[in-house]
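The values are calculated or read from the model by the stated rules, or taken from the named source; none is laboratory data. No experiment lies behind these values; they were computed from the predicted model shown. Because the Cβ atoms are built from the backbone with ideal geometry, glycine has one as well, and the counts that use them run over all protein chains shown. Only protein heavy atoms, including side chains, enter the accessible area calculation; ligands, DNA and RNA are left aside. Shrake-Rupley method; radii C 1.70, N 1.55, O 1.52, S 1.80 Å.
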Amino acid sequence: MGFGTKWREWIWSCISTAKFSVLVNGEPTGFFSSSKGLRQGDPLSPYLFIMGMEVLSALIRRAVEGGCIFGSASGLRINLAKSEIIPVGEVDEILEMAVELGCKVGQLPSTYLGLPLGAPNKAGYVWDGVEERMRWKLALWKRQYISKGGRITLIKSTLTSMPLYQLSLFRMPKVVARRLEKLQRDFLWGGGSMERKAHLVSWERVCVSKKKGGLGLRKLVHLNKALLGKWV
């Protein structure tokens, strides 16, 4: 009998000989044997983890040697229709490389993980996607009757949070901040309707904290500076 067989039998003995009991209304109901698994905190757990890790490593090595990088097992595939090869500067034989990889050739500026790639940080058009999403939300809300309190809640929870991702990475131009805040102001006082309605209170006053008599909305320029402060 080999060492591997003895090792397996010893592990199975540790698992199968354990007994458990359940308390019902505070009273034990007798013991029953375990058929699989280990008890929490069992000192055998690390050894089983190491054995499983070794087996997984061997499977990965076998998949690499066979030219199959585990894609068939996981079902994951690279979507070449959505993939691009983007040259930075002058790159020779870029078309041949794209044909070899099976993807298309892109160019800068582009979008990667929802952020602009290769575009000037101070360019206003970098924020066009954020403004379009805000206008799309407003187009849905303007068909509904929403109270002033509801509009304030939507501004805080949605309109102000939509640009947070980019605000935490790029400095927003003031002209863009004024455009986005105008959308918020018009929605607050007009409910998103096309007709112009008077703004009863200045935006500066609205953005003051509630303790000081405002509505507690956040100005985008100040929010942008606070989020960028983490990079200092």
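Within this structure, residue 119 passes the test of being under 24 Å from the mean Cα position of the chain (by Cα) and surrounded by 13 or more Cβ atoms within 10 Å (Cβ to Cβ).
Regarding segment 188-202, can at least one residue be identified that is under 17 Å from residue 133 (Cβ atoms) and among the hydroxyl-bearing types (Ser, Thr, Tyr)? The answer is no, given that none of the residues of segment 188-202 is under 17 Å from residue 133 (Cβ atoms) and among the hydroxyl-bearing types (Ser, Thr, Tyr). Selection of segment 122-141 for residues being over 24 Å from the mean Cα position of the chain (by Cα) and open to solvent by 100 Å² or more (accessible area, probe 1.4 Å) yields only 122.
Can you say whether residue 189 is within 30 Å of residue 120 (Cβ to Cβ), over 30 Å from the mean Cα position of the chain (by Cα), hydrophobic (A, V, I, L, M, F, W, C) and open to solvent by less than 60 Å² (accessible area, probe 1.4 Å), as far as the supplied structure shows? Criteria not met by residue 189. Restricting 163, 173 to residues that are surrounded by 11 or more Cβ atoms within 10 Å (Cβ to Cβ), modelled with pLDDT of 80 or more and in contact with a Gly (Cβ under 6 Å, 6 or more places away or on another chain) narrows the list to 173.
For residue 122, the conditions (1) out of contact with any Pro (no Cβ under 7 Å at 6 or more places or on another chain); (2) closer than 19 Å to residue 222 by Cα; (3) part of a loop (DSSP other than H, G, I, E, B) are fulfilled apart from (1).
Among the residues of segment 89-115, what is the count of those that are touching a Leu at 6+ places or on another chain (Cβ under 8 Å) and either modelled with pLDDT under 75 or farther than 30 Å from residue 162 by Cβ (or both)?
From segment 89-115, those touching a Leu at 6+ places or on another chain (Cβ under 8 Å) are 101-103, 105, 108-111, 115; that's our starting set.
Subset that is either modelled with pLDDT under 75 or farther than 30 Å from residue 162 by Cβ (or both): 101-103, 105, 109-111, 115.
The qualifying residues number 8.
If you check 23, 48, 38, 59 for being at pLDDT 70 or above, outside any helix (DSSP H, G or I) and not β-branched (Val, Ile, Thr), only one passes: 23. Among residues that are over 20 Å from residue 122 (Cβ atoms), open to solvent by 40 Å² or more (accessible area, probe 1.4 Å) and over 22 Å from the mean Cα position of the chain (by Cα), residue 178 is not included.
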